[in-house]
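For reference, the structure is listed below as structure tokens.
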Amino acid sequence: MVDILAFGTHPDDLEFGCGGILAKMANQKKSIVMVDLTVGEKSSHGTPSERRKEGEASAKLIGAKRVFLDFPDAEIYDTYEGRLKLVKVIREYKPKLILAPLWKGESNHPDHLACGMMARAACRYARFSKILPDLPTHRPEGILHYLGYNHDGLIDFLIDISDYADTWKKMMECFQTQMKTINYIDWNLRHASQLGVLINKPYAQALTKGNPVEIDDLLTISKATQEI
Ligand SMILES: [Zn+2]
């Protein structure tokens, strides 16, 4: 049983989309498994073995386990077979919470949307005993989605990652093969800085929910809804 299982499509997606959040959760002693659906073999830069090493080095910084699946880069579609691959991972690690890319709207890479959709389906299928009946079922407590640069209108939750920005930066620095054309580290820090303004913190990263959030005591969230 792990606390968080985070699905990314290409090695570095998790770092860019929710690396600061993962660093914060790791600091809170949460156990984390980072799962990349591909090794980014269609990327213009970096070989699969380089991408694996970069991903493993980043995960090591926060004590997370990194797993690479065998989906074909740039050919990811929401299929039943694909969903089953994710079900197997969910049943193996039994996470409380699943993180995945956004599953709807536009994305800078269509693989990301397919990954998000399959993660949502697999989260549900993982509890169905007649799907892959040889593997014990597992019901995650929930699923949240990290966002891309063009998804700020969909923010449901902002996580203050200011104290973990250095660790996050080191995680992103592991992916030197991906810094050939754009300085993604600077780009991501600038985006996190913009999000941080919304909660008056230096840096934040955002999540969105797929399902309504049940609340018993409104006072437990009242401070979080405070206008700045
Ligand atoms: Zn990607």
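Worth pointing out:
- Overall, the anisotropy analysis places the stretch 30-72 in the oblate class: the square-rooted eigenvalues a ≥ b ≥ c of its C-alpha gyration tensor yield a/c not less than 1.5, with a/b not exceeding b/c.
- Amide hydrogen neighbours beyond the local backbone of Arg66, cut-off 5 Å, H modeled: Met34
- Derived scalar couplings between HN and Hα for the stretch 27-43 equal 5, 7, 6, 7, 7, 9, 10, 9, 10, 9, 5, 10, 9, x, 5, 9, 5 Hz in order, rounded to whole Hz, by the Karplus curve 6.51 cos²θ - 1.76 cosθ + 1.60 (θ = phi - 60°), x for Gly and Pro.
- With both residues required to sit in the chain, DSSP beta bridges show an antiparallel share near 30%.
- Only Lys, Arg (+1) and Asp, Glu (-1) charged, at Cβ; the chain dipole about Cα centre in debye: 620
- Rounded, prolate or oblate (a/c below 1.5 giving rounded, otherwise prolate when a/b exceeds b/c) for the stretch 14-143 by Cα gyration tensor: oblate
- In terms of its C-alpha gyration tensor, the stretch 2-225 comes out oblate, because a/c is 1.5 or above while a/b does not outweigh b/c.
- In straight-distance terms, cross-link reach from Lys29 covers every one of the lysines whose alpha-carbon lies under 16 Å from its own, apart from those fewer than eight places away in the same chain; here that gives Lys60, Lys65, Lys96.
- Toward the positive end of the charge dipole of the stretch 2-225, with +1 on the Cβ of Lys and Arg and -1 on the Cβ of Asp and Glu, the farthest Cα among His138, Ala74, His191 is that of His138.
- By average C-beta atoms within 10 angstrom, highest first, the peptides 156-168, 114-126, 67-79: 114-126, 156-168, 67-79
Taken together, the values in this text are just the output of simple stated rules run on the coordinates, not laboratory data. Values in this document were obtained by computation on a predicted structure and should not be read as measured data. As a convention, Cβ positions derive from the backbone with ideal geometry for all residues, glycine included, and neighbour counts pool all protein chains shown.
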